[in-house]
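No lab work stands behind these numbers, since they all come straight from the coordinates. What you see is a predicted model; the values in this text were computed from it and never measured. No Cβ is skipped: glycine too gets one built from the backbone with ideal geometry, and neighbour counts run over all protein chains shown.
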Amino acid sequence: MKGFGDVSFSFIEYVKEHIDKINMRFESFEKDKAERRFWSVEVVESMVAFKINRAASILKSEPIFNIGSTFSARDFRFDDANALMPVEQIFNKKNPKNEITLKQLENVLTNIKVNHPDISKRLKDILD
């Protein structure tokens with residue numbers, strides 16, 4: 001298509017080239033090849049966003065160093081004995097399908113009808 005530049009050079013290649021040029025801001029690389037028109041590039045699925053921040057783009061890029069590390073994260077995996085329980089232990093092995101008889105279902109529904117009329121009405125609305 002006319003007006004969109006070199007067709008042998010894909011848009012994704014263009015994006016990758018500019019990501020490399022953004023990374024060339026680092027002080028050890030040649031400054032004249034670094035990209036200064038935008039601050040960053042964000043690629044998400046099929047979309048590309050060129051983030052403009054001219055003030056940040058002209059800042060001197062310098063390495064940063066950690067002054068030290070503090071490790072205050074806590075491992076909660078072993079605080080609860082049931083946290084890593086196998087799935088088989090959670091479910092009843094004797095009755096894995098949780099089947100109930102028709103009489104048991106009738107008793108449950110009667111209990112709901114008598115003791116929880118609001119739930120009974122909602123169930124009636126759903127089942128009608």
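For the residue pair F29 and A73, what label-to-label distance in nm results when each label sits 7 Å from Cα along the Cα-to-beta-carbon direction?
2.9 nm
For K103, which lysines qualify as cross-link partners when the Cα separation must be under 17 Å and same-chain residues fewer than eight apart are set aside?
Cα-Cα hits under 17 Å: K113.
Starting with the highest mean, order 74-80, 118-124 by the number of other Cβ atoms within 10 Å, averaged over the residues of each peptide. Intermediate values should be presented prior to the final figure.
Values: 74-80: 7.7, 118-124: 11.7.
Answer by packing, highest mean first, reads 118-124, 74-80.
State whether the range 11-57 is rounded, prolate or oblate according to the following rule on the C-alpha gyration tensor (a ≥ b ≥ c being the square roots of its eigenvalues): a/c under 1.5 gives rounded; otherwise a/b larger than b/c gives prolate, and the remaining case gives oblate.
Working: a/c = 2.68, a/b = 1.52, b/c = 1.76.
Oblate, because a/c is 1.5 or more while a/b does not exceed b/c.
Starting from the amide H of V41, placed 1.01 Å from N in the peptide plane, find each other amide H under 5 Å away whose residue is 5 or more places distant or on another chain.
Sorted by chain and number, the residues that satisfy this are K51.
Expressed as a rounded percentage, what relative contact order does the range 11-57 have, with Cα pairs under 8 Å and six or more residues apart? Kindly include the intermediate steps, with their values, before the conclusion.
Details: 51 pairs, mean separation 13.0, N = 47.
With pairs under 8 Å counted, the relative contact order is 28 percent.
Do you know the Lys pair count in the range 2-74 for C-alpha distances under 19 Å, with sequence separation 8 or more or different chains?
So the count of such lysine pairs works out to 11.
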